Amino acid sequence: MKNGIIIDESCDLDLAVQGVVQSAFGYSGQKCSACSRAIALSPVYDAFVERLVEATKSLNIGAAELPSTAVGPVIDATAQKRIAEYIETGKQEAKLALEMLPPILVTL
């Protein structure tokens, strides 16, 4: 995995959460610079995870053409399958903090 963001006790947690959410979910996470992991040091871990979960819950998932959509469809069925596989791996290797709807795919 690549593109980790490190969160330590000197950071502004609100800005850290905002940065992780924008990096991880912007363009539905389909960009080479997308945050694929957040590494929070123990002094801020619990507060960061709590805030990150709440911020992520507020993201609207839906069709790209809707103005309210924050996370749109993924590019194709291959991407959708790969994301679903990463989600399953994450569930096996870590404690699940939040599960949202599966990645959506719009076909034309």
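Read-outs throughout are calculated quantities, based only on the coordinates presented, and are distinct from any laboratory measurement. Keep in mind it's a predicted model, so treat the numbers as computed, not measured. Glycine also receives a Cβ, built like all others from the backbone with ideal geometry; neighbour counts cover every protein chain displayed.
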Check: Can you give the angle from 0 to 90° between the axis of helix 13-25 and the longest principal axis of the chain, with both taken from C-alpha atoms, to the nearest 10?
Finding: 20
Notebook entry, point to check: Who wins for biggest fluctuation among A64, A79, A97 in a Gaussian network model of the chain, springs between alpha carbons below 10 Å?
Noted result: A97
Next item on the list: Between E93, E85, E50, find the one with the highest GNM mean-square fluctuation for the chain; connect C-alpha pairs within less than 10 Å.
Entry: E93
Item checked: Point-to-point label distance, L59-K31, nm (Cα→Cβ direction, 7 Å offset) -> 1.3
Next item on the list: Excluding residues on the same chain fewer than 8 positions from K2, give the lysines whose Cα lies under 21 Å from its Cα.
Entry: K31, K81, K91, K95
Notebook entry, point to check: Under unit Cβ charges (Lys, Arg +1; Asp, Glu -1), what dipole magnitude, rounded to 20 debye, does region 4-68 have relative to its Cα centre?
Noted result: 300
Next item on the list: Taking H placed 1.01 Å from N in the peptide plane, check which residues at least 5 places from I7 or on another chain put their amide H under 5 Å from its amide H.
Entry: I39, A40, L41
Check: In which sequence would L52, L98 go, from the one with the fewest C-beta neighbours within 10 Å to the one with the most?
Finding: L98, L52
Check: Once both axes come from the Cα atoms, what is the angle between helix 45-57 and the longest principal axis of the chain, in degrees from 0 to 90, rounded to 10?
Finding: 30
Notebook entry, point to check: Can you work out ³J(HN,Hα) from phi for every residue in region 76-88, in order, using Karplus 6.51 cos²θ - 1.76 cosθ + 1.60 and θ = phi - 60°, giving whole Hz and x for Gly and Pro?
Noted result: 7, 4, 5, 5, 4, 5, 5, 5, 4, 5, 4, 4, 5
Next item on the list: Give the order of I39, I5 when sorted by the count of other beta carbons within 10 angstrom, beginning with the fewest.
Entry: I39, I5
Note to self: Give me the extension gain from T69 to E50: residue separation times 0.36 nm, minus the current Cα-Cα distance, reported in nm with one decimal.
What the structure shows: 4.6 nm
Notebook entry, point to check: Tell me, what is the Rg over Rh of the chain, with Rh the Kirkwood radius over Cα pairs?
Noted result: 0.97
